[in-house]
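What follows is a short report on a single structure.
The values are calculated or read from the model by the stated rules, or taken from the named source; none is laboratory data. The structure presented is a predicted model; accordingly, all values stated were derived computationally and were not measured. Note that we place each Cβ from the backbone using ideal geometry, even for glycine, and neighbour counts take in every protein chain shown.
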Amino acid sequence: MQTPKWSRMSLVLYEHPFAAFCQKVRVAFYELDVPFATRLVEGTEGRDELAALWPIASMPVLRDESAGLTLPESTTIIEYLGELAPDGPALIPRGRAEALQARLWDRFFDQYVAIPMQKIVGDSLRPEGRGDPYGVAEARSLLDSAYVALEARLATRRWAAGEEFTVADCAAAPALFYTRAVHRWDESGQVGIARYYRDLMTRPSVARVVEEGRRYRELFPLPWPADMDALDGERR
Ligand SMILES: N[C@@H](CCC(=O)N[C@@H](CS)C(=O)NCC(=O)O)C(=O)O
């Protein structure tokens, strides 16, 4: 076994534990068992600090102090973590065909689930009279199409890319967690998604991330459904 590269490194994740793309990266850290420090991005000061690292000012951003590296973008961060922990589970599969599927479905969850979810949530934060109902309707329609594609995909696979948990599932967990709050799939009809969601939420890395975000739920700008901790629409 190689010496883990992170043992001589200092990794700092600029993030917020309630933010979907930050949770995606946290799931990967826990899957790979790589230690990291977090820097909470909050308020104007936090945003300014983030923008100094990465002018787009999106989170998460990883700083690897020992490598002098600043890395934004959740997927890129996860690829990098895989290099630091080469003996850990391969979140980007080693086989070329499997890696392609993992990358494809990672893009799927970011583009067609997380981003429309952000559109719906973000619209509720707009000033009075400046909302974008047409854009929100488009986002809801995109989510419906994504659920159809996902249901078909999961009919023959345990995880999004195949039989192993990958970067795609890191992306799926927070994306589906938050879309379940704003635009649910058909929990009794789309049984493949319901099963997948249950597998995601009971995975220890994901359960830990959901738990760590719990104390921030009051930040959610839309009504937080009472059954969010129940699976398959069952009431606890
Ligand atoms: N493509 C980026 C998306 C990151 C993103 O949208 N992050 C959100 C938080 S989950 C963000 O920073 N939004 C701007 C804000 O919160 O002000 C990634 O994969 O890291």
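Quick check on the stretch 182-236: of everything there that is surrounded by fewer than 17 Cβ atoms within 10 Å (Cβ to Cβ) and small (Gly, Ala, Ser), which residue is nearest to the chain's Cα centre (by Cα)?
The selected residue is ALA207.
Scan the stretch 83-142 for residues that are aliphatic (A, V, I, L, M), part of a loop (DSSP other than H, G, I, E, B) and surrounded by 13 or more Cβ atoms within 10 Å (Cβ to Cβ) and report the count.
Counting residues in the stretch 83-142 that are aliphatic (A, V, I, L, M), part of a loop (DSSP other than H, G, I, E, B) and surrounded by 13 or more Cβ atoms within 10 Å (Cβ to Cβ) gives 4.
Out of all the residues in the stretch 74-90, which are aliphatic (A, V, I, L, M) and within 22 Å of TRP54 (Cβ to Cβ)? Don't jump to the end; show me each part of the working.
Residues of the stretch 74-90 aliphatic (A, V, I, L, M): 77-78, 81, 84-85, 90.
Scanning the stretch 74-90 gives ILE77, ILE78, LEU81, LEU84.
If ALA52 passes every condition in (1) away from the ligand (no atom under 12 Å from the Cβ); (2) in a loop (DSSP other than H, G, I, E, B); (3) small (Gly, Ala, Ser) but one, which one does it miss?
Of (1) away from the ligand (no atom under 12 Å from the Cβ); (2) in a loop (DSSP other than H, G, I, E, B); (3) small (Gly, Ala, Ser), only one is false for ALA52: (2).
So LEU62 ticks every box in (1) buried (at least 16 other Cβ atoms within 10 Å of the Cβ); (2) at positive phi but one. Which box is left unticked?
(2)
Go over the candidates ALA160, ALA175, ALA168 one by one and state the one that is hydrophobic (A, V, I, L, M, F, W, C), outside any helix (DSSP H, G or I), under 22 Å from TYR30 (Cβ atoms) and at pLDDT 95 or above.
None of the others qualify; the one that does is ALA160.
Note down all Cβ pairs under 7 Å where the first residue falls in the stretch 31-45 and is touching a residue at least 40 places away in the same chain (Cβ under 8 Å) and closer than 21 Å to GLU65 by Cα, the second is surrounded by 11 or more Cβ atoms within 10 Å (Cβ to Cβ) and among the small types (Gly, Ala, Ser), and they're at least six residues apart or on different chains.
LEU32/ALA85; LEU32/GLY88; ASP33/GLY88; VAL34/ALA85
Within the group THR156, THR166, THR179, which residue is of a type outside the set (Lys, Arg) and closer than 15 Å to ALA19 by Cβ?
Details: THR156 fails: closer than 15 Å to ALA19 by Cβ; THR166 fails: closer than 15 Å to ALA19 by Cβ.
Step by step, each of THR156, THR166, THR179 is checked, and only THR179 is of a type outside the set (Lys, Arg) and closer than 15 Å to ALA19 by Cβ.
Is one or more of the residues making up the stretch 87-100 within 13 Å of the ligand (Cβ to nearest atom) and either under 19 Å from the mean Cα position of the chain (by Cα) or within 20 Å of PHE18 (Cα to Cα) (or both)?
no
Considering only residues of the stretch 21-45 that are assigned to a helix (DSSP H, G or I), aromatic (Phe, Trp, Tyr) and away from the ligand (no atom under 11 Å from the Cβ), which is farthest from PRO204 (Cα to Cα)? Walk me through how you get there before you give the answer.
Of the residues in the stretch 21-45, the ones assigned to a helix (DSSP H, G or I) are 21-32, 43-45.
Remaining after also requiring aromatic (Phe, Trp, Tyr): 21, 29-30.
Those still in the list that are away from the ligand (no atom under 11 Å from the Cβ) too: 29-30.
Details: PHE29: 12, TYR30: 9 Å.
Once the filter is applied, the top-ranked residue is PHE29.
Among residues belonging to the stretch 65-82 that are surrounded by 13 or more Cβ atoms within 10 Å (Cβ to Cβ) and among the charged types (D, E, K, R), point out the one that is nearest to the ligand (Cβ to nearest atom).
GLU73
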